[in-house]
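Okay, so here's the structure we're looking at.
The values are calculated or read from the model by the stated rules, or taken from the named source; none is laboratory data. Predicted, not measured: the structure shown is a model, and the values here were computed from it. A quick note on method: Cβ atoms are made from the backbone with ideal geometry, for glycine too, and the neighbour counts reach across all protein chains shown. Please note that ligands, DNA and RNA were not included when accessible areas were found on the heavy atoms of the full protein model with its side chains. Shrake-Rupley method; radii C 1.70, N 1.55, O 1.52, S 1.80 Å.
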Amino acid sequence: MTKVNTALSIGELKLANPVMVASGTFGFGEEYADLMDVNALGAVVTKGVSLEARRGNPPPRTIETPAGMLNSVGLENPGVEVFLRDKLPWLRKIKPAVIVNIFGSTIEEYGRLAQRLDGQEGIDALEVNISCPNVKQGGIAFGSDADLAYQVSAHVAKSCHLPVLVKCSPNVTDLVAIAKRVADAGVAGLTLINTLRGMAIDYRTGRPMLGNGIGGLSGPAIRPVAIRAVFEVCAAVDLPVVGCGGIVQWQDAVEFMRAGACAVQVGSATFRNPKTANGVLAGMTAFAAEQGLHSTQSLMVTAHAKSVPTGDRKEPGA
Ligand code: SIN
């Protein structure tokens, strides 16, 4: 069986493998320590952190849908100081890279957060959330305008020495145009995609089922949208892309890499089966070996190529 190298770099961010867990689906990591092999992940992306603590949106905050779930958590988090004091010490001890997802109401707040997290032992990168559909200020307001998306991204990149990923929203008319602007902001890569705006109404009462009315849809239902987004952005923008949206099994993750993603994030599938991300890495690696590939990165971009690349394949008889 071919030995498969799973390592990769996204700018200065070094990962042992391309399988991460998505922000908001994995708490601050410790919650899952007894439920799956955290140390087998490429990276843990934390729940979004803001300067001040946030109480989040009124319940109910999650609703199961036929092929996924709706959430409207509203970025509840304990604030950056509590994160540094109570959550980071555990994260420092794990093997995977630690990527802190950050969120602000103004461009200045994003910058102040990046400065506060910069240089903290145990933090390997930031993921800038400009795509949350569940808050009035910040979030998607920054991610749906190319100039604002550029300004936030550039300000965060200048405010710290950490590699920066920017998590973009699918709830826009032209994601490629936004990705192109963000690519000029000095960031390391993009995370595509956050949730799609959605809603559920109780047919008996006529009332919205989420406390906040509208929420974000995740799960297998959105995977074709995410694959299309990754495919189109990778064709147009020369920046590493982390694919996210509806991954349930390893084949889904390989599909993202075929679309051009260099890494993937497992999101709401973790709620149903906490070991999903572990299974995705094992399956992807075994598939690469079966294909005679020497690295999981060789699974990338074949959907863009006219023919399947052969450079990494074993020659017959080799
Ligand atoms: C939330 O906390 O409301 C979800 C986070 C997000 O969609 O970015």
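Would you pick out the residues in segment 171-190 that are of a type in the set (A, V, I, L, M) and surrounded by 18 or more Cβ atoms within 10 Å (Cβ to Cβ)?
Result: VAL172, LEU175, ILE178, ALA179, VAL182, ALA183, ALA185, VAL187, ALA188, LEU190.
Within segment 100-135, can you find the residues that are within 16 Å of the ligand (Cβ to nearest atom) and part of a helix (DSSP H, G or I)?
Passing the criteria: GLU109, TYR110, LEU113.
Which residue, of SER144, SER153, is open to solvent by 20 Å² or more (accessible area, probe 1.4 Å), small (Gly, Ala, Ser), farther than 16 Å from ASN57 by Cβ and within 16 Å of the ligand (Cβ to nearest atom)?
Going through SER144, SER153 in turn, just one is open to solvent by 20 Å² or more (accessible area, probe 1.4 Å), small (Gly, Ala, Ser), farther than 16 Å from ASN57 by Cβ and within 16 Å of the ligand (Cβ to nearest atom): SER144.
Inspect all residues belonging to segment 199-214 and state whether any of them is at negative phi and under 12 Å from the mean Cα position of the chain (by Cα).
No: zero hits.
Could you please let me know if GLU76 is open to solvent by 50 Å² or more (accessible area, probe 1.4 Å), within 16 Å of the ligand (Cβ to nearest atom) and either on the phi > 0 side of the Ramachandran plot or modelled with pLDDT of 95 or more (or both)?
yes
For residues that are of a type in the set (Gly, Ala, Ser) and more than 22 Å from GLY42 (Cβ to Cβ), scanning just segment 202-255, find the one that is surrounded by the most Cβ atoms within 10 Å (Cβ to Cβ).
GLY215
If you take the residues of segment 19-46 that are more than 11 Å from the chain's Cα centre (by Cα) and within 16 Å of the ligand (Cβ to nearest atom), which of them is surrounded by the fewest Cβ atoms within 10 Å (Cβ to Cβ)?
It comes out as GLU31.
Are there any pairs, at least 6 apart or on different chains, whose C-beta atoms fall under 6 Å, with the first in segment 125-144 and over 16 Å from GLY198 (Cα atoms) and the second among the small types (Gly, Ala, Ser) and near the ligand (Cβ under 7 Å from one of its atoms), and if so, which?
Partner pairs satisfying both residue conditions: ASN129/GLY48; GLY143/SER131.
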